[in-house]
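The values are calculated or read from the model by the stated rules, or taken from the named source; none is laboratory data. Everything quoted here is computed from the prediction, not taken from an experiment. All Cβ positions, glycine included, derive from the backbone under ideal geometry; neighbour counts span all protein chains shown.
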Amino acid sequence: MIKALIIDDEPLARSIIVQYLLAYADIEIVAECGNGFEGLKAINEHQPQLVFLDIQMPKITGFEMLELLDEMPSIIFTTAYDEFALKAFEANAIDYLLKPFDQERFNKAVDKFLANSQTQNHQQKEKIEITAQQNNTQNERIVVKTGNKIKVISVYDITHLAADDDYVNIHTAEGAFLKNQTLAFFEKNLNPKLFVRVHRSYIVKIDQITKLEPYDKDGYLIILKTGEKIPVSKTGYPKLKAVLGI
Amino acid sequence: MQYYTLLSLGISENVALKDSVVSNAILGLVCWIISNVFYYYRPKGTKYIYVIVLCLILSAKYAAIIRYSFFKLISNDLIYQNIIITSLPIRFAFCFLLIGCMSAISILYYNQQDHQELIERKNEAEKLTRDAELSSLREKLQPHFLFNSLNSISALTLSKPQEARKMVQQLSDFLRGTIKKNDDLTNLQSELEHLDLYLEIEKVRFGNRLNTQILNDGESLLKLIPPMLLQPIVENAIKFGLYDTLDNVTIQIVTSFENPYLKINISNPFDPETAHPNKGTGFGLNSTQRRLALLYSRTDLLKTSITKNTFTTTILIPQTT
């Protein structure tokens with residue numbers, strides 16, 4: 001029996017997948033979820049092989065939910081509007097169904113999954129890489145996992161980001177949160193009007209800078225509003241000068 | 001050619017060469033001047049007489065230069081002086097014909113270029129208008145809403161065909177109202193009816209997550225309002241309310257008449273932790289603000305307020321009669 005999960009915020013959209021799946025006797029629906037949080041919990045609980053995933057959902061998008069998963073099930077995206085299509089294929093999805101879709105199109109996607117799962121049984125899937133450029137809301141917030149809880153951080157609350165081995169430590173007024181991501185990713189995806197990378201290991205929020213102090217021979221230190229000190233590297237200094245207009 | 005003609009008339013080689021080179025150089029200069037003149041100035045309509053006059057003047061000057069300066073410049077030889085004087089009309093005519101042709105060619109050429117530029121600019125302007133129209137159409141049709149609604153209908157066809165048909169009807173009525181081009185004021189009642197079509201469809205999509213509460217004081221229903229003014233605000237309320245919270249959501253619309261204004265309050269819950277309603281007022285509110293400013297020349301008709309976790313948009317519509 002293959003375990004499948006449906007995540008979509010519209011009940012009717014879920015029901016249509018249930019209807020279509022009746023054609024597959026050996027696929028069992030283990031849960032239906034109305035948002036990414038429920039979805040995350042259900043995936044961890046049921047370990048499904050196949051997930052039907054909507055993209056635009058309350059609070060966290062389907063892409064953001066995937067970022068928080070450790071092990072990737074096979075994903076078939078279902079969405080109404082095709083501005084995300086390219087991203088979904090970059091995300092190594094099995095297929096991408098544009099709503100509304102008919103049984104025939106649906107079967108094609110599921111058959112593709114079945115063919116795939118026979119050839120590479122339970123292989124650890126690559127972690128889905130998401131470039132958030134096309135999606136404005138994703139640039140405005142970052143989703144992290146702290147213990148069992150999911151925290152949605154608004155980029156406006158960030159003071160600075162610091163690289164920490166394979167992780168990035170996201171510092172906010174409420175504390176620091178770890179995210180399994182590279183600093184280069186954030187440099188690329190955060191709004192350059194708000195953030196500047198001043199060091200190999202640091203990105204700071206521009207409006208958090210209160211002072212710039214000379215340090216060592218030709219080095220500089222940034223003093224943040226919180227009082228924290230951030231070193232500026234030789235390559236970081238001209239960038240900092242440019243954004244501060246000095 | 002000039003050189004050989006002069007030689008055959010018994011002028012020394014040296015003098016003939018100088019004469020040819022200098023006079024042709026002057027001719028070249030005149031041509032260059034005239035084509036430059038027409039680059040900046042071209043006669044409009046039937047004023048080509050000016051062109052002819054200009055050519056005549058320039059030709060006369062050319063002839064005068066030859067007549068009075070060539071003696072000193074090139075040779076004082078008597079035969080040469082004679083030839084200059086007798087050849088003057090020919091030189092004049094030749095110069096006139098040459099710069100006449102030159103001006104005709106440059107006028108045609110520059111006009112052609114102008115025309116080309118005009119066409120290009122027109123094409124560009126048309127393209128911009130088309131793009132603007134297209135994006136406004138896309139906004140009106142809201143592809144995300146449309147395709148999701150169609151998907152819901154598709155789901156209903158099997159389980160509840162009656163409801164599917166009803167939703168097709170609602171969606172059609174809503175779309176018809178949306179694409180209707182009508183800038184006349186309408187009364188609040190018909191605006192609310194149109195809004196209701198939209199809300200009913202959203203309720204089918206989101207099931208019991210979405211509730212609406214529409215309250216009015218009776219008097220306000222007959223008051224006038226620009227058509228489709230509330231639509232983007234309600235969309236905004238749904239976006240913040242429904243897409244940014246997990247619970248059931250109630251969107252409230254309260255209308256009242258407070259002389260001389262029709263007052264409309266639209267409120268929705270939001271999550272103060274993740275939503276930043278102040279950071280971006282969103283496209284819906286910006287365009288409404290702009291529209292109100294254009295219609296009533298006032299920028300204080302749309303206000304937003306936040307209380308704990310409710311976001312409220314207030315609109316005042318001045319009633320003139």
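Return the pair list, or none, for Cβ contacts closer than 7 Å from residues in segment B:165-186 that are under 26 Å from B:L262 (Cα atoms) to residues that are of a type in the set (K, R), at least 6 apart or on different chains.
Cβ pairs passing all conditions: B:T178/B:K140; B:I179/B:K140.
Note down all Cβ pairs under 8 Å where the first residue falls in segment B:215-242 and is in contact (Cβ under 8 Å) with a residue 12 or more places away in the chain, the second is of a type in the set (K, R) and in a helix (DSSP H, G or I), and they're at least six residues apart or on different chains.
B:P226/B:R291; B:L229/B:R291; B:L242/B:R209
Cβ contacts < 6 Å: first residue of a type in the set (F, W, Y), restricted to segment B:287-305; second residue surrounded by 12 or more Cβ atoms within 10 Å (Cβ to Cβ) and not in a helix (DSSP H, G or I), any location; separation 6+ or different chain. Result?
Going by the 6 Å Cβ cut-off, the qualifying pairs are B:Y296/B:P318.
Under the condition of being part of a helix (DSSP H, G or I), in contact with a Leu (Cβ under 8 Å, 6 or more places away or on another chain) and away from chain B (no Cβ under 14 Å), which residue from segment A:66-109 is modelled with the highest pLDDT?
For segment A:66-109, the residue satisfying everything is A:A109.
Restricting to segment B:270-285, give me the number of residues that are modelled with pLDDT under 80 and farther than 21 Å from A:E174 by Cα.
5
Do you know which residues across segment A:41-57 are within 14 Å of chain B (Cβ to nearest Cβ) and surrounded by fewer than 21 Cβ atoms within 10 Å (Cβ to Cβ)?
Correct list: A:K41, A:Q56.
Would you call A:F63 over 23 Å from B:A237 (Cβ atoms), touching a residue at least 40 places away in the same chain (Cβ under 8 Å) and part of a strand (DSSP E or B)?
On the way: over 23 Å from B:A237 (Cβ atoms): yes; touching a residue at least 40 places away in the same chain (Cβ under 8 Å): yes; part of a strand (DSSP E or B): no.
No; evaluated as a whole, the condition is false for this residue.
Taking segment B:237-251, which residues are outside any loop (DSSP other than H, G, I, E, B) and under 39 Å from the mean Cα position of the chain (by Cα)?
Result: B:A237, B:I238, B:K239, B:F240, B:G241, B:L242, B:Y243, B:I251.
From the list B:F270, B:F257, which one is crowded, with 17+ Cβ neighbours inside 10 Å, among the aromatic types (F, W, Y) and in contact with a Gly (Cβ under 8 Å, 6 or more places away or on another chain)?
Criteria check complete, one pass: B:F270.
Let me spell it out: the conditions are (1) over 48 Å from the mean Cα position of the chain (by Cα); (2) loosely packed, with under 12 Cβ neighbours inside 10 Å, and B:E120 meets all of them except one. Which number is the exception?
With (1) over 48 Å from the mean Cα position of the chain (by Cα); (2) loosely packed, with under 12 Cβ neighbours inside 10 Å applied to B:E120, the lone miss is (1).
Taking the residues in segment B:202-236 that are in a helix (DSSP H, G or I), more than 14 Å from chain A (Cβ to nearest Cβ) and among the hydrophobic types (A, V, I, L, M, F, W, C) as candidates, determine which candidate is farthest from B:I317 (Cα to Cα).
Filtering segment B:202-236 for residues that are in a helix (DSSP H, G or I), more than 14 Å from chain A (Cβ to nearest Cβ) and among the hydrophobic types (A, V, I, L, M, F, W, C), the one farthest from B:I317 (Cα to Cα) comes out as B:V234.
I'd like to know if segment A:170-190 contains one or more residues that are farther than 26 Å from B:D271 by Cα, at pLDDT 90 or above and part of a loop (DSSP other than H, G, I, E, B).
No.
Would you mind telling me which numbered condition in (1) more than 29 Å from the chain's Cα centre (by Cα); (2) β-branched (V, I, T); (3) surrounded by 16 or more Cβ atoms within 10 Å (Cβ to Cβ) B:V168 fails?
So the condition that B:V168 fails would be (3).
Has segment B:36-44 got at least one residue that is of a type in the set (D, E, K, R), loosely packed, with under 15 Cβ neighbours inside 10 Å and out of contact with any helix residue (DSSP H, G or I) (no Cβ under 9 Å at 6 or more places or on another chain)?
Yes, some residue in segment B:36-44 is of a type in the set (D, E, K, R), loosely packed, with under 15 Cβ neighbours inside 10 Å and out of contact with any helix residue (DSSP H, G or I) (no Cβ under 9 Å at 6 or more places or on another chain).
If I ask for residues that are more than 8 Å from chain B (Cβ to nearest Cβ), over 21 Å from A:L114 (Cα atoms) and in a loop (DSSP other than H, G, I, E, B), which ones from segment A:6-33 would you list?
Answer for segment A:6-33, where residues must be more than 8 Å from chain B (Cβ to nearest Cβ), over 21 Å from A:L114 (Cα atoms) and in a loop (DSSP other than H, G, I, E, B): just A:D8.
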